[in-house]
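The values are calculated or read from the model by the stated rules, or taken from the named source; none is laboratory data. Predicted model only: the values in this text are computed from it and were never measured. Don't worry about glycine lacking a Cβ; one is built from the backbone with ideal geometry, like all the others, and counts go over all protein chains shown. Remember, those area values only see protein heavy atoms, side chains included, never the ligands or the DNA or RNA. Shrake-Rupley method; radii C 1.70, N 1.55, O 1.52, S 1.80 Å.
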Amino acid sequence: MAHREHGFAGIDAVAHSGLYALRAPKEFATADTPDQYLPDVPVDWQQLTLGVEVDVHGRRVWGTATYEGRVRKAEVSRLRFDADGLQVLRAFDGDGRRMGIEHDGKTLWVALAQPACRGAAVRVSIDFDTRDPRAGFYFVLPDADHPDRPAHAWTQGQDEDSKFWFPCHDAPNHKLKVAVVVTVPPGMVSFSNGILRDIHAASDPGKRVYDWQIGRPIPTYLLTLVVGPFVEIVQQTEPVPVSYAVLPGREQDGERSFGRTPEMVALYARLTDTPYPYEKYGQVAVGEFVFGGMENASMTTQTDLTLHDARAHLDFSSEPLVSHELAHQWFGDLVTCRSWSHGWLNEGFATYFEQLWQEHAHGPDEFAYARMSAQRAYFAEDAGRYRRTIVTNRYHEPIDLFDAHLYEKGGAVLHMLRCELGDATFFGGVGAYLRAFGDGVVETPDLRRAMEAHAGVDLGRFFAQWVEAGKGHPEIKVAGSWDGELRQYKLTLEQTQDTATSALFAVGVAVELHLDDGSVDRRTLALDRKQQHYWLTLPGQPALVQVDPRGDLLATWDLGLPEPQLRALLMRGTAVPVRIGAAHALANRPSAQNVQALRDALAGDAAWMVQAEVARALGKIGSSAAFEALAAAVELSHPKARRVVREALGRFQTAAAGQLLADLLARGDGSVLVEAETAKSLGASRGAGAFEALQAALKRDSWNETVRVGVLDGLANLQDPRGIDIATGYLHRRYPTLLRCAAIRCLCQFTAEPARVVEALRPWTADTSFRFAFNLASALGGLGDHRAAPLLQAVIARAADGRVNKRALESLAARRAGLGAGKQVDGLRGDVDALRNQLRELVDRIDKAEQLRGTGA
């Protein structure tokens with residue numbers, strides 16, 4: 001499951017905002033957080049046959065769930081199923097005899113005619129009727145605001161939502177084979193797990209019956225059913241059938257999004273030495289999906305927000321999302337976490353294999369930057385929201401665990417394990433793990449033992465400090481100097497993390513010392529104490545000292561190396577992480593010489609991601625020389641680098657910056673994302689005429705409303721009160737969801753006028769659509785006014801998704817803690833602006849003094 005939005009505006013726009021990070025609680029689990037344990041599995045259900053009919057326009061699904069299995073316990077007298085909110089009509093045994101049922105609205109008990117002993121065969125058929133379920137089965141329909149929206153429906157089982165539409169064992173600790181026989185309305189098709197065994201006409205005119213069967217056992221959360229007027233495109237038939245399906249008119253967008261899927265299937269089979277496990281692999285893009293994607297076994301559901309046009313394709317790709325969900329077919333589907341406490345075995349692997357696709361398809365620089373970006377997502381959560389162990393059974397709802405610790409930190413841990421073991425041993429061990437536990441359920445010790453058996457090493461400390469017991473990560477300060485007399489380079493590494501919340505780590509730190517003759521001295525230094533000194537004997541002074549050159553270690557770095565060494569790393573560092581680290585270290589020492597080095601790198605580095613990070617570094621410096629460097633780079637060729645240049649220009653609240661950004665916005669850009677960023681930064685610059693320029697840009701249509709979203713972000717940055725009325729207008733349901741969410745975020749940044757904002761948002765607390773409700777719950781926390789509390793309480797009362805409920809509770813807690821008071825936030829914003837201007841003036845004075853010294857004046 002993709003918890004991130006993989007590049008399109010959505011959840012992360014709020015979740016990772018700096019303002020939010022200031023306000024969040026530090027502890028993941030509190031005193032009232034319960035310990036969670038698995039439900040019993042007294043019967044080994046081996047086959048489920050779902051015979052259902054779907055009335056899309058009526059928001060209804062009904063039919064019969066037939067289970068066949070054998071008793072595991074010594075004796076069983078009744079059968080338990082999760083059945084939340086649906087109507088259970090009756091139950092029959094294998095001989096057609098009526099069975100007694102008890103249903104309290106959440107749990108169904110079916111009485112056996114007589115107790116069954118261990119090993120006895122059991123069969124039960126349960127008739128049910130589900131109307132407008134609160135979760136699990138979603139119906140997307142045309143309405144007065146969207147009369148042309150194609151009617152369709154889709155299921156979403158993870159984490160435990162299948163119980164909302166059919167009776168089941170709704171936990172990941174049991175698997176069974178599944179057949180879905182579904183009757184669909186005229187003009188519609190269906191998709192489900194496995195192969196399509198048959199299609200035939202139903203007894204009702206125009207309706208058709210689809211018969212699906214998957215040959216390997218799956219947990220019920222991976223069961224899927226999609227119904228609608230989709231168009232299917234077959235990409236290959238051998239060795240594994242691969243296809244995708246979209247609503248009519250989106251076929252070309254589908255090819256841009258899913259076109260490389262067959263290549264991904266081949267890569268993952270090769271890396272794991274494990275063939276693709278199911279009869280086919282399909283993807284279907286649906287509307288109003290509540291995640292980025294969902295890895296239903298053999299048939300992934302994707303959000304239609306990932307479908308994109310040719311202009312967006314310049315610098316947006318669906319490949320991270322597509323590769324992530326595909327990886328789950330091995331990690332999560334074939335081998336499934338036994339409990340959500342060990343969900344990183346699903347999501348950490350999918351995150352890392354997403355990055356491995358980048359390595360394969362786009363090279364080492366993209367691979368390194370993908371990992372670096374993932375690490376930053378984890379660092380932001382760790383610093384701003386909470387710190388926890390990856391494995392924990394303390395949570396309120398399973399969805400609480402689907403965070404950056406589970407995904408991004410989990411992926412980083414797997415990469416470090418690869419580095420420790422080497423490629424052949426790591427991938428060989430992964431294949432052994434898949435073969436040992438295929439079609440089964442696993443916990444973290446199963447992975448550890450499989451890797452230890454294959455590698456012949458003990459991994460107890462590794463898993464303890466990174467996964468099972470340890471929290472946080474190393475925060476390492478680096479210092480170094482050359483002793484010419486001893487011909488030794490003294491390198492000092494110090495772990496500076498707060499040991500009250502994160503213990504000292506025992507890690508190996510890779511170091512490369514490049515000499516003038518072209519030779520490289522490579523070493524791995526053991527770091528397991530607070531501070532350690534290493535005296536490295538060399539034939540001569542190193543030209544480059546690269547610590548953790550490929551960014552392999554999950555750690556933050558404070559590079560305290562001498563400035564000439566940092567400039568050398570920026571210009572000649574052999575890997576992207578080295579040059580990026582040097583850029584940000586130089587930004588903390590903003591001399592004229594260092595700014596010039598950054599300017600040279602911005603113009604000359606061949607890697608777009610280094611250009612982008614150099615631009616951020618220059619924006620952080622904020623001097624007139626930094627502005628000039630950025631202004632000279634506004635037309636960098638790579639759109640991703642160009643976008644960050646525009647972002648960095650927004651940090652300058654000067655007339656020159658405002659005019660430059662206004663001119664750039666008026667000209668437009670070939671990249672829709674660059675254009676949106678320009679609008680956002682224009683507002684941040686607070687330039688004269690910015691409001692009028694942003695208002696004019698609202699007329700521009702774009703993929704997923706990207707430009708208008710950028711304009712609303714710009715209006716929020718501008719803080720012109722006229723922006724409140726504009727944003728309020730975009731709350732209406734007739735606008736696309738992402739634009740409505742941007743309107744929420746925009747409004748809640750007008751902290752000086754909380755009464756107007758609360759009144760604008762009050763009517764919309766009844767909107768329970770996921771993205772809208774999540775953004776409302778998140779953004780209201782930033783308003784910092786007591787009048788937001790009733791709105792948050794209203795959101796909680798109506799929340800159908802645990803993520804919405806959790807975020808609203810966090811926002812309430814932050815407000816009660818006093819960290820989000822509107823006046824405080826306004827004061828902080830003013831203080832930040834004043835400090836930024838003072839810093840610019842100071843840096844400019846230093847630059848002028850250096851120039852005077854250089855001329856001898």
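Listed by first and then second residue, the pairs with beta-carbon distance under 7 Å, at least 6 apart or on different chains, first residue in segment 766-793 and in contact (Cβ under 8 Å) with a residue 60 or more places away in the chain and of a type in the set (A, V, I, L, M), second surrounded by 15 or more Cβ atoms within 10 Å (Cβ to Cβ) and part of a helix (DSSP H, G or I), are 779/14; 779/744; 779/745. Here 553, 598, 586 are screened, and the one residue that is in contact (Cβ under 8 Å) with a residue 12 or more places away in the chain, open to solvent by 10 Å² or more (accessible area, probe 1.4 Å) and among the hydrophobic types (A, V, I, L, M, F, W, C) is 553. Within segment 132-165, the set of residues being touching a helix residue (DSSP H, G or I) at 6+ places or on another chain (Cβ under 8 Å) and open to solvent by less than 10 Å² (accessible area, probe 1.4 Å) comprises 135, 136, 137, 155, 157, 158, 162. Every listed requirement among (1) surrounded by 15 or more Cβ atoms within 10 Å (Cβ to Cβ); (2) in contact with a Lys or Arg (Cβ under 8 Å, 6 or more places away or on another chain); (3) in contact (Cβ under 8 Å) with a residue 60 or more places away in the chain; (4) more than 22 Å from residue 418 (Cα to Cα) is met by residue 494 save one, (3). Among the residues of segment 754-813, those identified as surrounded by fewer than 19 Cβ atoms within 10 Å (Cβ to Cβ), among the aliphatic types (A, V, I, L, M) and not in a helix (DSSP H, G or I) are 766, 800.
Going residue by residue through segment 340-358, is there one that turns out to be assigned to a loop (DSSP other than H, G, I, E, B) and either among the β-branched types (Val, Ile, Thr) or open to solvent by 10 Å² or more (accessible area, probe 1.4 Å) (or both)? Scanning segment 340-358 turns up no residue that is assigned to a loop (DSSP other than H, G, I, E, B) and either among the β-branched types (Val, Ile, Thr) or open to solvent by 10 Å² or more (accessible area, probe 1.4 Å) (or both).
Scanning segment 497-521 for residues that are open to solvent by less than 30 Å² (accessible area, probe 1.4 Å) and in contact with a Cys (Cβ under 9 Å, 6 or more places away or on another chain) yields a single hit, 510.
Looking across segment 32-75, the residues that are charged (D, E, K, R) and either in contact with a helix residue (DSSP H, G or I) (Cβ under 6 Å, 6 or more places away or on another chain) or within 30 Å of residue 287 (Cβ to Cβ) (or both) come down to 53, 55, 59, 60. Among the residues examined, residue 266 does not qualify as open to solvent by 30 Å² or more (accessible area, probe 1.4 Å), among the aliphatic types (A, V, I, L, M) and either in contact (Cβ under 8 Å) with a residue 60 or more places away in the chain or part of a loop (DSSP other than H, G, I, E, B) (or both). Of everything listed in (1) within 15 Å of the chain's Cα centre (by Cα); (2) open to solvent by less than 20 Å² (accessible area, probe 1.4 Å); (3) of a type in the set (Ser, Thr, Tyr), the single unmet condition for residue 373 is (2). Only one entry of 559, 566 meets the criterion of being closer than 19 Å to residue 589 by Cβ, at pLDDT 95 or above and open to solvent by 20 Å² or more (accessible area, probe 1.4 Å), and that entry is 559.
Kindly provide the set of residues from segment 356-406 that are in contact (Cβ under 8 Å) with a residue 40 or more places away in the chain and basic (Lys, Arg), ordered by number. Passing the criteria: 371, 385, 387, 388, 394.
So if I check each of 322, 335, which one is of a type in the set (Val, Ile, Thr), in contact with a Phe, Trp or Tyr (Cβ under 7 Å, 6 or more places away or on another chain) and closer than 26 Å to residue 388 by Cα? Don't jump to the end; show me each part of the working.
Details: 322 fails: closer than 26 Å to residue 388 by Cα.
Exactly one residue qualifies, and that residue is 335.
Hey, does segment 279-301 have a residue that's in contact (Cβ under 8 Å) with a residue 40 or more places away in the chain, assigned to a helix (DSSP H, G or I), touching a Phe, Trp or Tyr at 6+ places or on another chain (Cβ under 9 Å) and crowded, with 24+ Cβ neighbours inside 10 Å? No, the conditions are met nowhere in segment 279-301. The residues of segment 303-335 that are farther than 29 Å from residue 642 by Cα and either part of a loop (DSSP other than H, G, I, E, B) or touching an Asp or Glu at 6+ places or on another chain (Cβ under 7 Å) (or both), listed by number, are 325, 327, 328, 329, 330, 332, 333, 334. State all residues of segment 629-672 that are surrounded by fewer than 23 Cβ atoms within 10 Å (Cβ to Cβ), in contact (Cβ under 8 Å) with a residue 24 or more places away in the chain and either among the charged types (D, E, K, R) or in contact with a strand residue (DSSP E or B) (Cβ under 8 Å, 6 or more places away or on another chain) (or both); if no residue qualifies, say none. Residues satisfying the conditions are 640, 647, 651, 669.
Mind counting the residues in segment 728-749 that are of a type in the set (Phe, Trp, Tyr) and surrounded by fewer than 22 Cβ atoms within 10 Å (Cβ to Cβ)?
Of the residues in segment 728-749, 1 are of a type in the set (Phe, Trp, Tyr) and surrounded by fewer than 22 Cβ atoms within 10 Å (Cβ to Cβ).
Just so you know, in segment 317-339 the residues that are touching a Leu at 6+ places or on another chain (Cβ under 9 Å) and open to solvent by 10 Å² or more (accessible area, probe 1.4 Å) include one that is farthest from residue 402 (Cα to Cα), and it is 338. Just so you know, in segment 232-265 the residues that are within 19 Å of residue 297 (Cα to Cα) and of a type in the set (Ser, Thr, Tyr) include one that is farthest from the chain's Cα centre (by Cα), and it is 237.
Could you pull out the residue among 379, 426 that is of a type in the set (A, V, I, L, M, F, W, C) and either part of a loop (DSSP other than H, G, I, E, B) or open to solvent by less than 10 Å² (accessible area, probe 1.4 Å) (or both)? Break it down into steps so the answer makes sense when it comes.
On the way: 379 fails: either part of a loop (DSSP other than H, G, I, E, B) or open to solvent by less than 10 Å² (accessible area, probe 1.4 Å) (or both).
Being of a type in the set (A, V, I, L, M, F, W, C) and either part of a loop (DSSP other than H, G, I, E, B) or open to solvent by less than 10 Å² (accessible area, probe 1.4 Å) (or both) holds for just one of 379, 426, which is 426.
The single condition among (1) out of contact with any helix residue (DSSP H, G or I) (no Cβ under 6 Å at 6 or more places or on another chain); (2) in a helix (DSSP H, G or I); (3) under 20 Å from residue 651 (Cβ atoms) that residue 693 does not satisfy is (1).
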